[in-house]
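The values are calculated or read from the model by the stated rules, or taken from the named source; none is laboratory data. Just so it is clear, the structure is predicted and the values come from calculations on it, not from any experiment. Note: ideal-geometry Cβ built from the backbone for every residue, glycine included; neighbour counts use all protein chains shown.
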Amino acid sequence: MTKIGVFIPIGSRGWLISTTSPMTMPSFDLNKTVVQRAEHYGLDFALSMIKLRGYNGPSEYWVHNLESFTLMAGLAAVTKKIQLFASVAMLTMPPALVARMASTIDSIAPGRFGINMVTGWQPKEYQQMGLELTPEHFSRRYDYASEYVQIMRDLWTTGVSDFKGDFFQMDDCKLSPRPSAHIPVVGAGQSERGMQFVAEYGDYNFIGAGGDMNQTTGARDMVAKVEAAARKSGRDTGAFLLLMIIADRTDEMAFAKWDLYKQGTDIEALEWQASQAGQDTVAKEGSTASALVRQIQNPQPTGLLKLVGSYEKVAAMLDDIAMTPGLKGIMLTFDDFIVGMEQFGEHIQPLMKTRNPTLQTEKTAA
Ligand SMILES: Cc1cc2nc3c(=O)[nH]c(=O)nc-3n(C[C@H](O)[C@H](O)[C@H](O)COP(=O)(O)O)c2cc1C
């Protein structure tokens with residue numbers, strides 16, 4: 001069965017760069033509600049990003065943001081079965097500390113915790129605290145990430161690391177207690193090198209499928225690339241697709257919401273995004289940085305794939321996407337997370353054949 005997760009609202013405005021979208025101020029209570037309802041509806045996982053500075057512009061996009069590990073530790077204590085992922089901005093924390101943070105959250109939620117590896121793409125986010133995203137960083141960030149994960153894995157599996165690399169020197173570095181189970185490591189490599197990193201060191205690779213609307217075949221190429229990278233490394237690393245749902249009882253009602261958000265597109269914020277992502281001079285076409293730069297050319301509030309429409313339409317589109325050869329799962333965002341999670345749980349998921357094997361049987365029997 002296709003896995004479904006939620007990219008939880010840890011930052012203001014969620015994933016809509018607009019002055020007319022729900023403000024979504026992040027708090028523990030908001031995220032607790034979203035994750036507990038996701039668990040109630042049988043979703044498989046919840047992931048929070050790490051973002052240490054928002055965009056310029058009137059929408060205050062991502063200006064207000066909680067910290068990922070501490071949020072997930074809190075959520076670990078108030079959930080029972082959903083898988084939880086925190087994101088680490090690798091330049092800000094050493095791997096031995098993050099390995100221990102993961103071990104700590106695993107002791108709160110045994111076997112339910114994993115980590116999303118973030119190399120960083122927005123220079124000001126790092127420069128504000130004295131860290132530089134140099135051309136050297138951009139060209140070697142996945143080498144850095146590989147050493148980082150290797151050290152964590154050594155600590156988790158053996159309790160000790162003596163790793164010596166280009167970026168890190170461990171000296172009988174110890175970790176105890178070790179986690180009770182495998183800690184999955186995920187990433188979001190869109191570039192060839194990013195995908196290679198996840199294929200060699202990770203468990204899942206999150207991908208986007210461009211900013212189209214109601215397009216169900218757009219992820220095919222990216223999934224095939226993730227699969228090719230996995231074959232090359234001889235590991236079983238699956239692709240997960242990130243998308244946004246804007247649904248309602250009727251198509252008209254759903255499109256009215258999207259039209260409203262579009263009217264408020266925050267151009268200043270998109271300019272900020274382009275100028276920040278444009279500083280990655282090493283980025284090639286197909287990378288995240290190049291996509292973020294391009295969004296201003298055809299301004300809209302999100303560069304994510306959007307499914308907009310009635311519950312029935314959205315369920316059918318999700319089924320089509322879930323059938324993409326090789327795709328292992330989908331991660332959802334919503335325009336409004338409280339309303340959206342209820343709509344998904346009550347009205348959309350029950351219609352999805354890929355989430356309800358009985359529906360498939362009924363169809364075959366009929
Ligand atoms: C699902 C998902 C989660 C991400 N989480 C973060 C995050 O927490 N912080 C961040 O700065 N960037 C985040 N990003 C951006 C990526 O980590 C990263 O910058 C980008 O995908 C790099 O890929 P590429 O250079 O290989 O294209 C995320 C992207 C996706 C699709």
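Here residue 23 meets each of (1) more than 12 Å from the ligand (Cβ to nearest atom); (2) in contact (Cβ under 8 Å) with a residue 40 or more places away in the chain; (3) closer than 30 Å to residue 273 by Cα; (4) not in a strand (DSSP E or B) with one exception, condition (2). If the condition is being among the polar types (S, T, N, Q) and farther than 23 Å from residue 258 by Cα, then segment 4-30 contributes only 27.
Could we say that residue 100 is within 16 Å of residue 154 (Cβ to Cβ), away from the ligand (no atom under 16 Å from the Cβ) and touching a residue at least 24 places away in the same chain (Cβ under 8 Å) here?
Yes: the conditions hold for residue 100.
Report yes if residue 295 is modelled with pLDDT of 90 or more, buried (at least 18 other Cβ atoms within 10 Å of the Cβ) and part of a helix (DSSP H, G or I), otherwise no. Answer is no for this residue. Just one of the listed residues (265, 237) is touching a strand residue (DSSP E or B) at 6+ places or on another chain (Cβ under 7 Å), of a type in the set (S, T, N, Q) and modelled with pLDDT of 95 or more, namely 265. Which one is farthest from the ligand (Cβ to nearest atom), of the residues in segment 294-305 that are touching an Asp or Glu at 6+ places or on another chain (Cβ under 9 Å) and among the hydrophobic types (A, V, I, L, M, F, W, C)? Applying the filter and picking the extreme gives 296.
Taken over segment 1-17, the criterion of being away from the ligand (no atom under 14 Å from the Cβ) and surrounded by 24 or more Cβ atoms within 10 Å (Cβ to Cβ) is satisfied by 13, 16, 17. For segment 167-194, a residue qualifies if it is within 16 Å of the chain's Cα centre (by Cα) and of a type outside the set (Ser, Thr, Tyr), and the qualifying residues are 184, 185, 186, 187, 188, 189, 190, 194.
One residue stands out among those in segment 44-78 that are without any contact (Cβ under 8 Å) to a residue 40 or more places away in the chain and in contact with a helix residue (DSSP H, G or I) (Cβ under 8 Å, 6 or more places away or on another chain): the one that is nearest to residue 127 (Cα to Cα), which is 69.
One residue stands out among those in segment 66-95 that are away from the ligand (no atom under 14 Å from the Cβ) and in a loop (DSSP other than H, G, I, E, B): the one that is farthest from residue 43 (Cα to Cα), which is 94. Applying the criterion of being of a type in the set (A, V, I, L, M, F, W, C) and within 14 Å of residue 303 (Cβ to Cβ) to the residues of segment 225-266, the residue that is farthest from the ligand (Cβ to nearest atom) is 244. Segment 310-366 holds helices (runs of 4 or more DSSP H) entirely within its bounds, and those carrying 1 or more residues that are modelled with pLDDT under 95 map to 357-365. Being away from the ligand (no atom under 15 Å from the Cβ) and either at pLDDT 95 or above or of a type in the set (Phe, Trp, Tyr) (or both), is that true of even one residue in segment 47-57? Scanning segment 47-57 turns up at least one residue that is away from the ligand (no atom under 15 Å from the Cβ) and either at pLDDT 95 or above or of a type in the set (Phe, Trp, Tyr) (or both). Can you find, within segment 223-242, the residue that is farthest from the chain's Cα centre (by Cα) among those that are under 30 Å from residue 257 (Cβ atoms) and surrounded by 23 or more Cβ atoms within 10 Å (Cβ to Cβ)? Selected residue: 239.
Kindly establish whether residue 100 is surrounded by fewer than 21 Cβ atoms within 10 Å (Cβ to Cβ), assigned to a helix (DSSP H, G or I), out of contact with any strand residue (DSSP E or B) (no Cβ under 9 Å at 6 or more places or on another chain) and modelled with pLDDT of 95 or more. Answer is yes for this residue.
Beta carbons closer than 7 Å, at least 6 apart along the sequence or on distinct chains, pair a first residue in segment 112-127 that is in contact (Cβ under 8 Å) with a residue 24 or more places away in the chain with a second that is hydroxyl-bearing (Ser, Thr, Tyr) and near the ligand (Cβ under 6 Å from one of its atoms) for 116/87; 118/87; 121/288.
Do we have residue 129 as within 16 Å of the ligand (Cβ to nearest atom), farther than 21 Å from residue 84 by Cα and modelled with pLDDT of 95 or more here? In short, yes.
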